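What follows is a short report on a single structure.
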């Protein structure tokens, strides 16, 4: 089934810049059968696991994370770009290829000891996900796993997430 899902992901050359082969999950999401399969396959991994909250990373991680939280009967927490959340936040800054970026989480989003599943659409270099791990740890949430729809193995992003477990449904 994973191989079938792989065929629904469009590859866009030279986006967002020359030399990048972008994995576009919008084609998977618009197909009802593929979207349901993706949610079911990811959900099956965590059914019966102690997951209180699913943390979705802006923006495509919201899609995967919200659907997965529904499947698991868990709450959803949003991690967003600075200035997008209306209440008091914590911020984590991370390095990009050319500069840096930041993400924020509400200070009351996670209670100490809550079991947290971090979810995003893609794991590449791992900088974004590592910043989210930092935020969850700052709030004293217990990370169950970091979960991704797609992982680009050659970029070794999972190394930045150690010692936390990492799972990716589709790997390139």
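Laboratory data are not the source of any read-out in this text; all were calculated from the coordinates shown. These numbers come from a predicted model, not from an experiment. No Cβ is skipped: glycine too gets one built from the backbone with ideal geometry, and neighbour counts run over all protein chains shown.
Data overview
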{"quantity": "Residue 165/residue 21 FRET efficiency (R0 22 Å; Cβ-Cβ; nearest 0.05)", "calculated": "0.20"}
{"quantity": "Nitroxide proxy distance, nm - points 7 Å out along Cα→Cβ at residue 2 and residue 134", "calculated": "3.0 nm"}
{"quantity": "Neighbour-count order for 90, 98, fewest beta carbons within 10 angstrom listed first", "calculated": "98, 90"}
{"quantity": "Those residues of the stretch 108-142 whose amide nitrogen sits under 16 Å from the label point placed on residue 59, 7 Å along Cα→Cβ", "calculated": "121-122"}
{"quantity": "Extension gain (nm, one decimal) between residue 115 and residue 90, 0.36 nm per residue minus Cα-Cα", "calculated": "7.1 nm"}
{"quantity": "Percent of beta bridges antiparallel (DSSP, the chain, rounded to nearest 5)", "calculated": "35 percent"}
{"quantity": "Gyration tensor (alpha-carbon) shape descriptor, the stretch 1-158, a/c threshold 1.5", "calculated": "oblate"}
{"quantity": "Theoretical FRET efficiency, 1/(1+(r/R0)^6), r = Cβ-Cβ of residue 45 and residue 142, R0 22 Å, to 0.05", "calculated": "0.80"}
